[in-house]
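The structure appears right after this line, and notes come after that.
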Amino acid sequence: MSTAAAPRSAGRAQALDAALRRLLQGIEADTAACAQLKPLLQQQFDAALRHNAQALAALAMQITALVESMGANRAERVALLKRLVDASGEDAMERCLARLPEPLRAPWRERWDGLCASVAECKRLNVRNGQLLMDQYEIIQRVIGVAEVTYAA
């Protein structure tokens, strides 16, 4: 190997290591955010059951901040995966995991699967909360006599 190629190769390896470290940090940050989000979503559900508008507003701000943070981490993860495996979409992380050395693959897989499960649970809780709020809105509309109007084309 030429002496000029050695520093480039070492520099590329360091850049890949840094990208992998940042990818793992983002996964861990999102896992922690999900752990904070789940109880907030439960509190939101409880506040909706009690029709507590003040609590709902305060919770909405907290939930929004966490979700925005997770969205930023996701955007960075997509960019990192594009750089690491030149792929985007659902299979990008799978490609990244497949390229990891065997001793690292299982712990990374566990962290990634854990994040995916946590995100799925948060989505489920969010859908439940949204459905409750929509149902309450429809009931209130019926009680006050506002009929749903459907226009025919």
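What follows is calculated from the coordinates using simple rules that are stated; it is not laboratory data. All of these numbers come straight from a predicted model, not from anything done at the bench. FYI the Cβ positions are ideal-geometry reconstructions off the backbone, even for glycines, and counts take in every protein chain you see.
Near Ala87, the amide H atoms lying under 5 Å from its own belong to Lys82; only residues 5 or more places off or on other chains count, and H is placed 1.01 Å from N.
Would you mind checking segment 81-95 for residues with the amide N under 16 Å from a putative spin-label position 7 Å along Cα→C-beta of Gln14? None, by backbone N distance to the label point. Entry note, the chain: the mean residue ellipticity at 222 nm calculated from DSSP H runs of n ≥ 4, each adding -39500 (n - 2.57), is -30500 deg cm²/dmol after division by the residues and rounding to the nearest 500. Each Lys and Arg Cβ is given +1 and each Asp and Glu Cβ -1; about its Cα centre, the chain then shows a dipole of about 480 debye.
Can you grab the distance from the C-alpha centre of segment 93-133 to the C-alpha centre of segment 18-65, Å, no decimals? Cα centres, segment 93-133 to segment 18-65: 16 Å. For segment 35-153, the relative contact order is 30 percent, taking Cα pairs closer than 8 Å that sit 6 or more residues apart in sequence and dividing their mean separation by the residue count.
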